[in-house]
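Encoded as structure tokens, the structure appears first; notes follow it.
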Amino acid sequence: MSWLERHPHAKRKFSLGGNVESVEPEINLIPFIDVLLVVLIFLMISTTFTRYQELAITLPTANGNESQAEVKQIHIAVSRDGRFAINGKVIDRPQLSNVLTQLSGKSSQQESISSLQVNIDADARAPHQAVMNALEAARDANLSNIVFSSQLNNQAKK
């Protein structure tokens, strides 16, 4: 008779169920705890080296009221095919600089040119050159306060 046959636990086998007496598997928690402690120590050490640099800034204050001056606007519309309209009047490219110069001349007599704002409303599919032509015409008329309009698209693209 061999040692395995005489040993009292030799006949017990591991099984997933049934009438046979089974041995419960064990989970050894000590290595698991060791790994967690090493990770915790690593995180504690690495976070001490992270320092965020901040600047202490004291912002200046102003004691004044908001400006009540209205800004006169010139609307330049650029269509999909590259045509122009100033304040709703369709014009050609050669006339664009002349009309803007006339409008800036009228405003310089009444109020300063700096309060004159050029609002460029370009179609999304307008040629890039047409928008550049509108910018050139505004520059030729000595208008520097230029704003581009956009539209918020709330509809999902199909």
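The values are calculated or read from the model by the stated rules, or taken from the named source; none is laboratory data. Being a predicted model, the structure only gives us computed values, none of them experimental. With ideal geometry, Cβ positions are generated from the backbone for all residues, glycine too; neighbour counts draw on all protein chains shown.
Name the one entry in SER150, SER112 that is within 15 Å of HIS75 (Cα to Cα) and either out of contact with any Leu (no Cβ under 9 Å at 6 or more places or on another chain) or at pLDDT 90 or above (or both).
Only one candidate passes the filter, namely SER150.
Output the number of residues of the range 112-144 satisfying the condition of being part of a loop (DSSP other than H, G, I, E, B) and under 19 Å from ASN98 (Cβ atoms).
4
Scanning the range 62-90 for residues that are at pLDDT 70 or above and either over 19 Å from ILE146 (Cβ atoms) or loosely packed, with under 10 Cβ neighbours inside 10 Å (or both), which turns out nearest to the chain's Cα centre (by Cα)?
ARG80
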